[in-house]
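Worksheet: the structure to be examined is printed underneath.
The values are calculated or read from the model by the stated rules, or taken from the named source; none is laboratory data. Predicted model, so just to flag it, every value in this text is computed and none were measured. Reconstructed Cβ throughout: ideal geometry from the backbone, glycine too, with neighbour counts over all protein chains shown.
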Amino acid sequence: MDAETHLIVTHEVTNQGHDRDLLSKMATQAKVALQRDDMHILADKGCFSVLKIPACQKIGITATVPRSDTSGARPKGHFVNDDFAHNHEADIYRCPAGQTLTHRTTTEQQGLQMRRYWTNACKDCDFKSRCTTGQERRVSRREHEHLVEASNARRRSPTPPWVLLRPHPAELH
């Protein structure tokens, strides 16, 4: 849906139970239909894909999509990855107890580099029962995670000129 005219500029029917694979495809179709060189889209969390957000970025489309929360940890009172603050300059994470999680290893998942961080200070931590059942809490950071973080920051900022992929902005709150 175009924010200026409120017209649907493209659509897609799918038999999948989610829209994750359609984000960059639908965004590209909307960009072509609107004849734009660059574009900013807003989609609901059903369209979130850590693979499709960078695909949009490569073709001049800024995607703002809330991350799906697939972890059952928060309702149980446990910390989730978003509770750990990443320091870009030092390439470390800071846990809720103030400990530093350092980069330990890098692997590849789904064609993306996955960096893993942890600390050995967990065994004596007062928050351990809310954090991990293992010897240490590990936090993973995917390649292009900065694009997901930027998407979350845009979602919380004053509204820019959106092109809606799906008219469900209530799911963004």
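Of the residues Asp91, Asp69, Asp124, Asp83, which is within 30 Å of Met26 (Cβ to Cβ) and acidic (Asp, Glu)?
Asp69
Restricting to the range 72-124, name every residue that is among the charged types (D, E, K, R) and closer than 22 Å to Gln135 by Cβ.
Listed by number, the residues that qualify are Lys76, Asp83, Arg94, Arg104, Arg115, Arg116, Lys123, Asp124.
Each row is one residue, and each column tells you yes or no for (1) assigned to a loop (DSSP other than H, G, I, E, B); (2) modelled with pLDDT of 90 or more; (3) aromatic (Phe, Trp, Tyr); (4) in contact with a helix residue (DSSP H, G or I) (Cβ under 7 Å, 6 or more places away or on another chain).
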| residue | (1), (2), (3), (4) |
| --- | --- |
| Asp126 | yes, yes, no, no |
| Ser129 | no, yes, no, no |
| Glu136 | yes, yes, no, yes |
| Val139 | no, yes, no, yes |
| Glu149 | no, no, no, no |
| Arg154 | no, no, no, no |
| Pro158 | yes, no, no, no |
| Pro161 | yes, no, no, no |
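Evaluate the following for Asp82: is it assigned to a loop (DSSP other than H, G, I, E, B) and not polar (S, T, N, Q)?
Values: assigned to a loop (DSSP other than H, G, I, E, B): no; not polar (S, T, N, Q): yes.
It is false that Asp82 is assigned to a loop (DSSP other than H, G, I, E, B) and not polar (S, T, N, Q).
Within 20 Å of Ala150 (Cβ to Cβ) and within 19 Å of the chain's Cα centre (by Cα) - does that describe any residue in the range 1-19?
There is no residue in the range 1-19 that is within 20 Å of Ala150 (Cβ to Cβ) and within 19 Å of the chain's Cα centre (by Cα).
Say we look at the range 5-27 and pick out the residues that are touching a residue at least 12 places away in the same chain (Cβ under 8 Å) and among the hydrophobic types (A, V, I, L, M, F, W, C); which of these is nearest to Arg67 (Cα to Cα)?
Leu23
Each row is one residue, and each column tells you yes or no for (1) aliphatic (A, V, I, L, M); (2) touching a Ser or Thr at 6+ places or on another chain (Cβ under 8 Å).
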{"residue": "Arg74", "(1), (2)": "no, no"}
{"residue": "Ala85", "(1), (2)": "yes, no"}
{"residue": "Ala90", "(1), (2)": "yes, no"}
{"residue": "Thr100", "(1), (2)": "no, yes"}
{"residue": "Arg115", "(1), (2)": "no, yes"}
{"residue": "Asn120", "(1), (2)": "no, no"}
{"residue": "Glu136", "(1), (2)": "no, yes"}
{"residue": "Val139", "(1), (2)": "yes, no"}
{"residue": "Arg154", "(1), (2)": "no, yes"}
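Would you mention how many residues in the range 21-37 are under 18 Å from Lys52 (Cβ atoms) and surrounded by fewer than 17 Cβ atoms within 10 Å (Cβ to Cβ)?
Final tally of qualifying residues: 4.
The conditions are (1) surrounded by 16 or more Cβ atoms within 10 Å (Cβ to Cβ); (2) among the hydrophobic types (A, V, I, L, M, F, W, C); (3) under 19 Å from the mean Cα position of the chain (by Cα), and Ala97 fails exactly one of them. Which is it?
(3)
Just the residues that are within 21 Å of His18 (Cα to Cα), in a loop (DSSP other than H, G, I, E, B) and either out of contact with any strand residue (DSSP E or B) (no Cβ under 9 Å at 6 or more places or on another chain) or free of Cβ contacts under 8 Å to residues at least 40 places away in the same chain (or both), please, taken from the range 52-70.
Pro66, Arg67, Ser68, Asp69, Thr70
Among the listed residues Ala30, Ala90, Ala97, which satisfies the condition of being among the small types (Gly, Ala, Ser), touching a residue at least 24 places away in the same chain (Cβ under 8 Å) and in a loop (DSSP other than H, G, I, E, B)?
When all the criteria are applied, what remains is Ala97.
Could you please give the count of residues in the range 119-155 that are among the hydrophobic types (A, V, I, L, M, F, W, C) and touching a Gly at 6+ places or on another chain (Cβ under 9 Å)?
Number of matching residues: 1.
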